[in-house]
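The values are calculated or read from the model by the stated rules, or taken from the named source; none is laboratory data. It should be emphasised that the depicted structure is a prediction, and the values quoted were computed from it without experimental measurement. When we count neighbours, we look across all protein chains shown, and the Cβ atoms used for this are built from the backbone with ideal geometry, even at glycine. Note: accessible area is taken over every heavy atom of the protein model, side chains too, but ligands, DNA and RNA are not part of it. Shrake-Rupley method; radii C 1.70, N 1.55, O 1.52, S 1.80 Å.
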Amino acid sequence: MKVTAKLEAIRQQMNNACLKVNRNPNEIKLIAVTKYVSRERAEEAIDAGICDLGENRDEGLLEKWEVLKDKPVWHFIGSLQTRKVKNIIDKVDYIHSLDRMALAEEINKRSLKKMKCLIQVNVSGEESKHGLSPDEVINFTLQLLPFENITIVGLMTMAPLTDDADVLRGCFRRLKELQKQIQACNLKFAPCTELSMGMSNDFSIAIEEGATMVRIGTALVGEDE
Ligand SMILES: *Cc1c(COP(=O)(O)O)cnc(C)c1O
């Protein structure tokens, strides 16, 4: 199916979720996650009117960046090895996967501007998932004060792979609570206005719970259905 058709369906679902909770769809960024698809498909997404692309590996990002350059806003959404920071740092606009001090140090050192970062939180506590545990987040954030090239624009999480709406909702609510706690700290370097949550299977619930960025791969750019 063409990206334009899928995009229309996704926008419709996003609008429905917004209607339910009285939100303005314009306040939600739709990030097309192109990690599984070709660069042609990524170009198709841009031509369809998508402004934001997400990649989870440096190779995939570089491959697509070479053809698309500054056309999209680039989001790095995957776990990031410290030694790979230098490969991507001047190409991305957002890093969604800040989860440890060594990574913050490297980003701060390599970046030539204030990098917009989101702290990844492992709300569900699954061992397979990256991210800080919820009770580490505030302290971690406070420790970022000396890093002049890092702005904490928000929090990111991946919900567990389940169809249980209550579990998903609980996970997104917890992230929202953490956001409020950080905002209450009134830190200049951590406005924390963004909540990056919601993927193909759970973005409607994430929007109902306050997502400002949804990261959608399969349902938006997937090539194989
Ligand atoms: C792959 C991925 C997504 C998109 O997943 P889909 O289920 O294909 O929509 C979103 N966020 C992260 C961090 C991912 O790695």
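Here residue 193 meets each of (1) within 16 Å of the ligand (Cβ to nearest atom); (2) open to solvent by 60 Å² or more (accessible area, probe 1.4 Å); (3) β-branched (Val, Ile, Thr) with one exception, condition (1). Within region 11-60, restricting attention to residues that are within 14 Å of the ligand (Cβ to nearest atom) and farther than 30 Å from residue 89 by Cα, the residue that is most open to solvent (accessible area, probe 1.4 Å) is 13.
Checking 213, 199 one by one, the residue that is within 12 Å of the ligand (Cβ to nearest atom), hydrophobic (A, V, I, L, M, F, W, C), under 22 Å from residue 75 (Cβ atoms) and open to solvent by 10 Å² or more (accessible area, probe 1.4 Å) is 199 and no other. Note on region 72-99: among residues that are within 16 Å of the ligand (Cβ to nearest atom) and of a type in the set (A, V, I, L, M), the one that is most open to solvent (accessible area, probe 1.4 Å) is 73. Figure legend. Inter-residue proximity from region 208-225: first residues touching a residue at least 12 places away in the same chain (Cβ under 8 Å) and in a loop (DSSP other than H, G, I, E, B), second residues among the aromatic types (Phe, Trp, Tyr) and more than 9 Å from the ligand (Cβ to nearest atom), beta-carbon distance below 6 Å, spacing 6+ or different chains. Indicated pairs: 209/172. With a requirement of 2 or more residues that are surrounded by fewer than 12 Cβ atoms within 10 Å (Cβ to Cβ) and free of Cβ contacts under 8 Å to residues at least 24 places away in the same chain, the helices (runs of 4 or more DSSP H) lying completely within region 100-188 that satisfy it span 165-184. Take the conditions (1) touching a Ser or Thr at 6+ places or on another chain (Cβ under 8 Å); (2) open to solvent by 20 Å² or more (accessible area, probe 1.4 Å); (3) more than 24 Å from residue 192 (Cβ to Cβ); residue 69 misses just one of them, which is (1).
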